[in-house]
Each structure stands twice: as C-alpha cells, then as structure tokens.
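Visitor: Okay, here's the structure, questions in a sec.
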Amino acid sequence: MAKFAADLTDIEFLLFDVLKIQSHQTDIDRESCREIIHEYEKFTRQEIFPTREPSDRDGVKLEGGKVIAPSYMAKLHRAFHENGWYALGVKEQWGGTPVPEALAIAGLSLATGANTGYMMYPGLTKAAMNVIAQKGAAWMQQHIIPKMMGGTWGGSMCLTEPGAGSDVGALRTTATPLANGEYSIKGTKIFISSGEVDFYENTIHLVLAKTPSDRPGTKGISLFVVPRYRIDTATGAMQSQQWNQVRCSKVEEKMGIHSSATCELQFGEQGECRGYLIGDEFEGMSTMFIMMNEARLLCGLQGESQACLTYEMAKQYASERVQFDHTLDQHPDVIRMLHRMRSMSRGLRHLMLFTANAFDQLHRSQEQQSADYEYLQDLVGLLTPICKAYATEQGLQMSLESVQVHGGYGYCTEYGVEQFVRDTLIGRIYEGTNGIQAIDFLTRKVFRQNGQVFARFLQERNGFMEQLAAHYPKEVALYGQVVQSLQQQLKQLGAELAQKQVPKALGKAYDLLFCCSGVVVASLLAESSCVASKAAGYAAPYLAEKQQDAALFIKYHLVNCLAQLKTLELS
Ligand SMILES: Cc1cc2nc3c(=O)[nH]c(=O)nc-3n(C[C@H](O)[C@H](O)[C@H](O)COP(=O)(O)OP(=O)(O)OC[C@H]3O[C@@H](n4cnc5c(N)ncnc54)[C@H](O)[C@@H]3O)c2cc1C
C-alpha cells in the first residue's frame with residue numbers, strides 16, 4: 001500500500017539555507033518555522049493523505065439538486081480549518097497567521113500532493129478571499145472574509161462558458177443594473193471548480209459578466225460577487241431561505257481530481273440572481289487576474305507537489321521490491337529513472353519556493369519603496385507562467401515515470417500511483433491552457449524591460465554555474481550551449497514581433513517557454529548545489545545528492561531543450 005512521505009530535509013534546506021526565510025520576518029525564528037512545517041507534515045500524513053484514495057473512488061455527486069461529498073471530506077475540511085492550516089500565511093488583519101510566503105507554500109505543497117482534489121476547495125476560496133480583501137466593498141470584507149476564514153463559506157472562480165473557454169472575451173453572461181445599485185446576473189458557466197459542495201453553507205462566486213455597453217470582447221467585462229444564498233449586506237446574515245437562483249445543473253464526470261466538484265452553474269435561470277460589482281466596471285479581467293494569478297501558482301503547485309510525492313513513493317517502492325536478487329533501486333535503468341525524478345521534483349520545489357519568496361520580497365520592497373520593486377514585480381510576472389506550465393507538464397511526466405518504476409503494480413490501483421497521472425493531467429488545461437500560458441509569456445513577460453528581467457535572473461546565478469563547472473564541466477558547458485542558443489532565439493523572436501510577424505512568433509511560444517523554464521530551474525539547482533557544498537548540519541548523503549542534482553537535471557532534462565531550440569530554428 002502507498003505510504004505518504006515528504007522530503008522534509010530538502011524543504012528545510014531550501015527554506016533556511018538557500019532562501020534564508022528566517023531573516024525575513026523579525027517575529028518568527030528558524031525553530032518556529034521548522035515546527036510549523038513538521039506539524040503541517042503530520043496533519044497531512046494523518047488526516048489528508050488517508051482521504052486521497054477513497055475520495056478518488058467515491059467522488060462527489062449531484063443528488064436532489066445538491067452537490068454531496070463523502071462525510072469524511074466534511075470532517076477533513078473542519079479539521080483543516082480548526083487546526084489553523086487555512087489561516088497560515090493570511091494577514092493578521094483578517095484573522096490569519098502571517099508567516100513567510102515560502103513557508104506557507106511549502107506546507108501547502110505537502111497538503112496539495114496528498115489530496116489535490118480536496119485542496120482545490122480551500123485554494124479557490126482563499127484566492128476569492130484575496131480579491132475581496134483587495135477590491136471588495138467594506139461589507140464584503142466585514143461579512144464574507146470571516147466566514148471564509150471559518151471554513152463555512154466557500155469561493156469559486158467563474159469564467160468559462162460553453163462558447164468561451166480560452167477566449168474569455170466571448171462570454172455571454174449578462175449583468176443588468178438594478179435601481180438599488182445591484183445587478184441581475186443571467187447566464188451559464190461551465191467547468192466551475194468548487195462550484196458547490198455540501199460542506200459549505202454558502203458559496204461566493206466571482207463571476208465575469210457583461211454589463212450593457214458596446215465595448216467588444218474583454219473590454220466589456222466586469223466582475224461580480226454572486227452568493228448562492230443571499231446575504232443581508234448590512235448585517236452579513238445569510239438569508240438561508242433566500243436562494244439566489246444559482247443552480248448546479250451538472251457535476252462533470254472526469255478523468256481525475258474526483259473529490260473536486262466541477263460544476264455547471266445556471267445563474268438567474270428562473271428568477272432574479274443578484275450580483276454585486278467588485279472593482280470598477282469594465283475592469284473585470286484585471287480584477288479577476290488577482291485571483292487567476294494566484295490560481296495559476298496553485299496550479300503549478302499541484303504539478304510540483306504531485307511530482308515530489310510520486311517520486312518519494314517510487315523511491316520507497318524501488319528500495320523494497322526485489323527482482324533478479326536485488327532491490328529495484330540497484331538496477332541501472334531504475335537508478336536512471338529515480339535520478340530523473342529526483343532532479344526534476346527538487347528543481348520544481350526550488351522553483352515554487354523561490355517564486356513564493358520573490359512575492360515576499362516584492363511586498364517588502366513595496367513597503368520600503370525600494371528600487372527593486374519594478375524588477376521584482378516583473379520577475380514574479382515572468383515566473384508565474386513558468387510555474388504554471390512547466391510544473392504541470394513535468395508533474396505529469398514524473399507521474400508517468402513513477403508508474404514505470406512501479407511496473408505492473410503502478411498501472412493497477414493498489415499503490416495509488418496511477419491516480420497521479422489522472423490527477424496531474426488537468427493542470428496543463430485549466431487556469432489557461434499551457435499553450436495560452438506560452439502566449440502570455442512571449443507577448444507580455446519575457447521581453448519586459450527589453451528582456452532585462454530574465455537576463456538579470458540568470459546573471460545573478462552565473463557565479464553558481466561557474467562553481468559547479470569545477471566538478472561538472474561537461475554539464476555546465478551544455479547549460480552554456482542552451483543559454484547561448486536561447487538568447488539567439490529570443491533575439492530572433494523579438495525581431496519577428498517587432499516586424500509584426502506575430503503568427504510565426506506565436507508558433508514558437510511553447511518551445512520558448514519550456515526552454516526558458518528549463519534554464520531557470522537548472523540555474524536554481526546550481527545555486528542549491530553550491531550552497532550544499534558548504535552547508536553543515538545535514539546528513540552527508542543528502543548533501544552529496546544535492547551537489548549532484550543540478551548536473552543530473554542538465555543531463556536528463558535540460559538537454560531536451562537543445563532539440564526544442566532546433567525546432568525554433570526550423571520554424
Ligand atoms: C476539471 C476542470 C476544472 C475547471 N475549473 C474551472 C474553474 O474553476 N473556473 C473556470 O472558469 N474554468 C474552469 N475550467 C475551464 C478551463 O479553464 C478551460 O477548460 C480552459 O481554459 C480551456 O478552455 P476550453 O476547454 O474551452 O478549450 P479551448 O479554448 O477550446 O482550447 C482547446 C485547445 O486549443 C488551444 N487554443 C485555444 N485558443 C488558442 C489560441 N488563441 N492560440 C493557441 N491555442 C489556442 C488551447 O490551448 C487548447 O489546447 C475547468 C476545466 C476543467 C476540465
């Protein structure tokens with residue numbers, strides 16, 4: 001049977017020795033951070049992971065017009081909130097426990113890997129809550145946030161419609177102004193995660209809709225807070241007898257994430273569905289981007305967390321199963337697979353924690369009005385599509401590799417590894433498909449400040465690559481070859497965009513995003529390899545592995561970028 005395992009040593013090494021999060025916040029020391037991550041791991045192992053397999057099997061059901069989850073999901077949900085895990089990383093102002101962002105993300109990664117479907121409920125609720133915290137009216141902040149913090153109200157993100165998937169601007173849901181300043185919402189949204197579930201008394205939908213205007217596409221879109229049950233805006237009381245005409249008409253049958261309810265929602269089908277404008281009229285897309293950017297990082301975290309957990313399971317299995325008188329982990333081809341998985345999963349972990357840390361630095365630089373603010377803002381913008389697309393793609397690849405390490409048992413359900421394949425695959429599709437992420441990366445991110453953001457990121461890590469070259473000259477030479485060829489391609493693409501050869505450039509966007517991602521992860525791993533060469537306080541085998549990880553990543557993963565770069569040359 002599958003057992004939960006987490007590489008707490010690697011998490012601690014990245015948090016404390018590489019990112020040094022203990023120095024960011026004066027009121028929290030290394031020991032307290034350590035205690036939090038160990039407690040989070042314990043809760044994940046004891047409470048979340050045991051629900052992974054049964055909730056995949058039982059799923060959620062639409063019965064009598066209500067979306068019902070198995071009772072153990074409601075129990076887990078209560079425990080998640082009561083033990084303070086939802087509140088971790090939330091500002092004190094909202095009743096949360098502020099901690100460095102990378103620490104919160106490290107914990108969230110453990111939980112997400114252990115039951116990806118369940119974790120979508122608190123994930124989407126928190127993302128909706130953050131929009132309300134930043135843009136909501138006082139009554140929303142006063143009455144909705146405490147309910148979300150308590151776990152009794154959920155949140156959802158409603159963009160997609162039958163005719164509007166990637167093309168959000170084609171949506172047809174309408175918001176008609178009422179005399180009292182509220183809006184009447186009418187339309188159908190599909191594929192809405194956490195659209196409804198019985199462990200929430202009420203769900204607050206953030207709905208994109210069009211108000212009457214002749215503005216085309218996304219320019220005519222505004223964002224609305226639409227509760228499932230009406231709320232008295234003066235007192236915050238939920239008028240539980242007053243259903244707000246939001247009906248779940250279907251729960252999708254799907255390949256994976258069975259514990260996450262994917263709902264078709266009808267708004268105002270037979271009566272008035274009231275919505276409240278959040279942010280300015282026609283600013284719906286930029287307001288929703290607060291939520292979408294967070295959801296994209298969470299989506300990347302789904303890929304990363306499952307890559308990390310499935311690697312741990314493969315490692316454990318390979319150390320126990322004997323074939324040809326030896327455990328699997330002594331056979332060279334299995335060692336190759338484990339090395340591929342270790343270097344990628346640790347690389348993805350470093351990427352996610354680095355990005356979370358960059359958010360902390362961004363917030364601090366804003367408070368201190370530091371000169372780095374603009375760079376950090378562009379850096380997190382650059383890293384968001386990388387985290388989303390690269391981590392989801394590689395999460396899937398690592399899940400497939402784990403099945404291979406488990407052989408026939410991997411293909412069968414007993415060890416729970418085939419579930420990773422089914423659960424990770426959706427990450428490439430939702431929150432903007434990876435193809436759409438690539439377009440965003442090419443047209444809005446990589447050329448910001450004349451490409452100086454990406455260049456500065458790499459430059460800051462050049463010294464680590466040079467140090468690595470002392471032990472791994474061939475791998476570092478290969479990295480240099482990839483970077484050089486990538487820079488040529490970026491120049492070429494920049495010229496194509498300037499000459500308005502947009503379709504040609506767009507055809508290269510996906511390979512470009514993946515090459516940039518590979519280079520980013522290789523350079524982060526080079527940094528951690530160098531830190532490991534001087535670190536103390538960790539077991540020698542771990543430090544030896546860590547010094548090897550960057551070279552393994554270049555050998556097994558970055559090398560593929562050479563083929564992708566050739567594709568770019570040929571396009
Ligand atoms: C399980 C699940 C949960 C979801 N949760 C939510 C949710 O909570 N909220 C929500 O609003 N939506 C949600 N979605 C919807 C999801 O975001 C969309 O499915 C996704 O954005 C793609 O839209 P589509 O399915 O219509 O595909 P399409 O837009 O039809 O795309 C199909 C293919 O064409 C490509 N493509 C489309 N346009 C372009 C272009 N201009 N250039 C290049 N390639 C293009 C895409 O990359 C993709 O490969 C969910 C979907 C699923 C399956």
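The values are calculated or read from the model by the stated rules, or taken from the named source; none is laboratory data. All values reported here derive from a predicted model rather than from experimental measurement. Cβ sites come from the backbone with ideal geometry, for glycine too, and all protein chains shown count toward neighbours. What goes into the accessible areas is simple: the full protein's heavy atoms, side chains included, and nothing from ligands, DNA or RNA. Shrake-Rupley method; radii C 1.70, N 1.55, O 1.52, S 1.80 Å.
Visitor: Using only DSSP helix segments of four residues or longer, with each worth -39500 (n - 2.57), what per-residue ellipticity at 222 nm results for the chain after dividing by its residue count and rounding to 500? Don't jump to the answer; show the numbers that get you there.
Guide: Numbers: 20 runs with 305 residues, N = 571.
Only helices count here, giving -17500 deg cm²/dmol.
Visitor: Still on this model: Using only Cα atoms, find the angle between the long axis of helix 540-553 and the longest principal axis of the chain, and express it within 0 to 90 degrees, rounded to the nearest 10.
Guide: So the helix axis and the longest Cα principal axis differ by about 80 degrees.
Visitor: For the pair Lys61 and Glu35, how long in nm is the line joining their label points, each one 7 Å along Cα→Cβ?
Guide: Going from the Lys61 label point to the Glu35 one covers 4.4 nm.
Visitor: Pop out the carbon and sulfur fraction of the accessible area of the range 253-337 as a percent, whole number, probe 1.4 Å.
Guide: On the way: 1660 of 3410 Å².
Here it works out to 49 percent.
Visitor: Classify the chain as rounded, prolate or oblate, taking a ≥ b ≥ c as the square roots of the eigenvalues of its Cα gyration tensor: rounded when a/c is under 1.5, otherwise prolate if a/b is larger than b/c and oblate if not. Walk me through the intermediate numbers first.
Guide: Numbers: a/c = 1.67, a/b = 1.36, b/c = 1.23.
It is prolate, given that a/c is not under 1.5 and a/b is the larger ratio.
Visitor: Can you give the net charge of the other residues whose Cβ lies under 14 Å from the Cβ of Ala170, counting K and R as +1 and D and E as -1? Kindly include the intermediate steps, with their values, before the conclusion.
Guide: Working: positive: Arg172, Lys189, Lys210, Arg215, Lys219; negative: Glu161, Asp167.
Here the count lands on +3.
Visitor: Compute, for the range 329-383, the length of the dipole vector about the Cα centre, with Cβ point charges of +1 (Lys, Arg) and -1 (Asp, Glu) only. Units Debye, rounded to 20. Walk me through the numbers on the way to the answer.
Guide: Working: 6 positive and 7 negative charges, 83 e Å.
I would put it at about 400 debye.
Visitor: When the dipole is taken about the Cα centre of the chain, and only Lys, Arg (+1) and Asp, Glu (-1) are charged at their Cβ, what size is it in debye, to the nearest 20?
Guide: On the way: 54 positive and 62 negative charges, 205 e Å.
Using Cβ point charges on Lys, Arg, Asp and Glu, the chain gives about 980 debye.
Visitor: How much of the accessible area of the range 343-444, probe 1.4 Å, is carbon plus sulfur, in whole percent? Mind dumping the intermediate values first?
Guide: Values: 1820 of 3570 Å².
Carbon and sulfur atoms account for 51 percent of the accessible area of the range 343-444.
Visitor: Skipping prolines and chain starts, which residues have an amide H placed within reach, meaning under 5 Å, of the one on Arg215, given they are 5 or more residues away or on another chain?
Guide: none
Visitor: Tell me, what ³J(HN,Hα) does each residue in the range 185-196 have, in order and in whole Hz, if you take phi through Karplus 6.51 cos²θ - 1.76 cosθ + 1.60 with θ = phi - 60° and put x for Gly and Pro?
Guide: 9, 9, x, 10, 10, 10, 6, 8, 5, 6, x, 6
Visitor: If you don't mind, there's one more thing I want to ask. Please give me the summed charge of the neighbours of Ala505: other residues whose Cβ is under 15 Å from its Cβ, Lys and Arg +1, Asp and Glu -1. Let's see the in-between values first.
Guide: Details: positive: Arg444, Lys445, Lys491, Lys500, Lys504, Lys508; negative: Asp440, Glu496, Asp511, Glu569.
Within the 15 Å Cβ shell, the charges total +2.
Visitor: Which order do you get for Thr174, Thr125 if you rank them by accessible area with a 1.4 Å probe, largest at the top? Present the calculation step by step, with values, prior to reporting the outcome.
Guide: Working: Thr174 55, Thr125 0 Å².
Ranked from most to least accessible, the order is Thr174, Thr125.
Visitor: Can you give the net charge of the other residues whose Cβ lies under 12 Å from the Cβ of Val67, counting K and R as +1 and D and E as -1? Provide the component values of the computation, followed by the final result.
Guide: Numbers: positive: Lys61, Lys66, Arg228, Arg247, Lys250; negative: Glu63, Glu196, Asp198, Glu252, Glu264.
The answer is 0.
Visitor: Further question: So how do Ile48, Ile290 rank on accessible area, 1.4 Å probe, biggest first, that is with the largest at the start?
Guide: Ranked list, largest accessible area first: Ile290, Ile48.
Visitor: So if each residue of separation counts as 0.36 nm, and I subtract the Cα-Cα distance between Gln366 and Lys254, what length gain in nm does that give?
Guide: On the way: separation 112, 0.36 × 112 = 40.32 nm, distance 4.25 nm.
Stretched out fully, the Gln366 to Lys254 stretch lengthens by 36.1 nm.
Visitor: To continue, here is another question. Near the amide H of Ala261, under 5 Å away, which other amide H atoms are found, from residues 5 or more places off or on another chain, if H is placed in the peptide plane?
Guide: Correct list: Ser194.
Visitor: Sticking with this structure for a sec: Along the charge dipole of the chain, Cβ charges K/R +1 and D/E -1, which of Leu301, Cys248, Ala509 sits furthest on the positive end?
Guide: Ala509
Visitor: Please name whichever of Phe267, Leu570, Met285 sits farthest to the positive end of the charge dipole of the chain, dipole taken about the Cα centre and charges placed at Cβ: Lys and Arg +1, Asp and Glu -1.
Guide: Leu570
Visitor: Taking only protein heavy atoms and a 1.4 Å probe, what accessible area per residue, in Å², does the chain have with all protein chains in place?
Guide: On the way: 23230 Å² over 571 residues.
Here the per-residue accessible area is 41 Å².
Visitor: Could you please state how large a percent of the accessible area of the range 88-194 is carbon and sulfur, counting protein chains only and using a 1.4 Å probe? Walk me through the intermediate numbers first.
Guide: Details: 1870 of 3690 Å².
In the range 88-194, the share of accessible area belonging to carbon and sulfur is 51 percent.
Visitor: Would you please give the residues with an amide H less than 5 Å from that of Ile278, counting only those at least 5 places away or on a separate chain, with H modeled from the backbone geometry?
Guide: HN-HN under 5 Å from Ile278: Leu223, Phe224, Val225.
Visitor: Right, something else. For the charge dipole of the chain, defined by +1 on Lys and Arg C-beta atoms and -1 on Asp and Glu C-beta atoms about the Cα centroid, which residue among Phe324, Leu159, Val421 has the Cα displaced farthest towards the positive pole?
Guide: Leu159
Visitor: A follow-up question, please. Take Arg349, Arg247 and sort them by solvent-accessible surface of the protein heavy atoms, 1.4 Å probe, largest at the top.
Guide: Arg247, Arg349
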